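Before any comments, here is the structure.
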Amino acid sequence: MLNLAILGSGGGSNAQAIIDHFEGSTLARVALVVSNSPGAYILERAQRAGIPTRCLASEAERSASNQLALYRTHSIHLIVLAGYLRKVPKGVIQAYPGRILNIHPSLLPKFGGKGMHGLHVHEAVLAAVETHTGITIHYVNEEYDQGEILHQHKLAIEPGWDAQRLQQEVQKLEHTYYPKIVQQVCEEIVAAQPNFALS
Ligand code: GRF
């Protein structure tokens, strides 16, 4: 059984989709939910699902050594970022090569990078008069939104859509595809190291 940690700063709708997807799975389980924000709804969702949570509110609490100790305690194999607005420390990225995923609400490399989160992304897409937008699921490296892309899904923008509507449509895609891609990555990890399936 693979143990997933989900990191998020906000509402946690993607975390919820992943929690629901892996309920009853023999491949992987959400073993920990982490947030930098004490009031984040993602923590409440996890608690409701009986998943251990941890809030890392300060820079010191989010240090690589502290996070790695936490992930070791919960035997975390894969880290899933879902609306996480803090940088993952270098030490964590190095300790989890190819084992940290992120989702971004645009077709990267367009509309990515620092400050590009939430409605800002969709406002920028509309301001650029794009005909399409979409989602990107990628591995995390040391630069924001620049890791190797695993999956993209395109969406045609309908006339009259505002940034809120665009966000809603993009989130529907996220909830459909993120759990599937996380599952695919879990299957690849198990295929490469079959003993995971036994633990
Ligand atoms: C999602 O749109 C995701 O693409 C971005 O942050 C948002 C998180 O939403 N990285 P939620 O917390 O999962 O509802």
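The values are calculated or read from the model by the stated rules, or taken from the named source; none is laboratory data. For clarity, every value in this text was computed on a predicted model and none was experimentally measured. Note that we place each Cβ from the backbone using ideal geometry, even for glycine, and neighbour counts take in every protein chain shown.
When region 118-144 is limited to residues that are of a type outside the set (A, V, I, L, M) and assigned to a helix (DSSP H, G or I), the one that is farthest from residue 83 (Cα to Cα) turns out to be 123. Of all residues assigned to region 33-50, none qualifies as being away from the ligand (no atom under 15 Å from the Cβ), in contact (Cβ under 8 Å) with a residue 24 or more places away in the chain and either more than 18 Å from residue 91 (Cα to Cα) or surrounded by 13 or more Cβ atoms within 10 Å (Cβ to Cβ) (or both).
The residue that is modelled with the lowest pLDDT, counting only those in region 58-85 that are closer than 23 Å to residue 116 by Cα and surrounded by 13 or more Cβ atoms within 10 Å (Cβ to Cβ), is 85. Determine, yes or no, whether residue 18 is in a strand (DSSP E or B), within 10 Å of the ligand (Cβ to nearest atom) and within 11 Å of the chain's Cα centre (by Cα). The answer is no for residue 18.
The lone criterion from (1) within 13 Å of the ligand (Cβ to nearest atom); (2) buried (at least 23 other Cβ atoms within 10 Å of the Cβ); (3) not polar (S, T, N, Q) left unmet by residue 2 is number (1).
The listed residues are 113, 91, 134, 98, and the only one of them that is on the phi > 0 side of the Ramachandran plot, away from the ligand (no atom under 16 Å from the Cβ), without any contact (Cβ under 8 Å) to a residue 60 or more places away in the chain and not hydroxyl-bearing (Ser, Thr, Tyr) turns out to be 98. Considering only residues in region 17-32 that are in contact with a helix residue (DSSP H, G or I) (Cβ under 6 Å, 6 or more places away or on another chain) and in contact (Cβ under 8 Å) with a residue 60 or more places away in the chain, the one that is nearest to residue 175 (Cα to Cα) turns out to be 17. None of 112, 50, 8 is among the small types (Gly, Ala, Ser) and modelled with pLDDT under 95 except 112. Remark: residue 134 matches the filter, which requires a residue to be crowded, with 17+ Cβ neighbours inside 10 Å and small (Gly, Ala, Ser).
Looking only at region 151-160, residues that are surrounded by fewer than 16 Cβ atoms within 10 Å (Cβ to Cβ) and part of a loop (DSSP other than H, G, I, E, B) come to 3 in all.
Of 69, 60, 46, all but one fail to be of a type in the set (Gly, Ala, Ser), over 21 Å from residue 105 (Cα atoms) and not in a helix (DSSP H, G or I); the exception is 60. Taken together, 174, 148 contain a single residue that is loosely packed, with under 12 Cβ neighbours inside 10 Å and among the charged types (D, E, K, R), which is 148.
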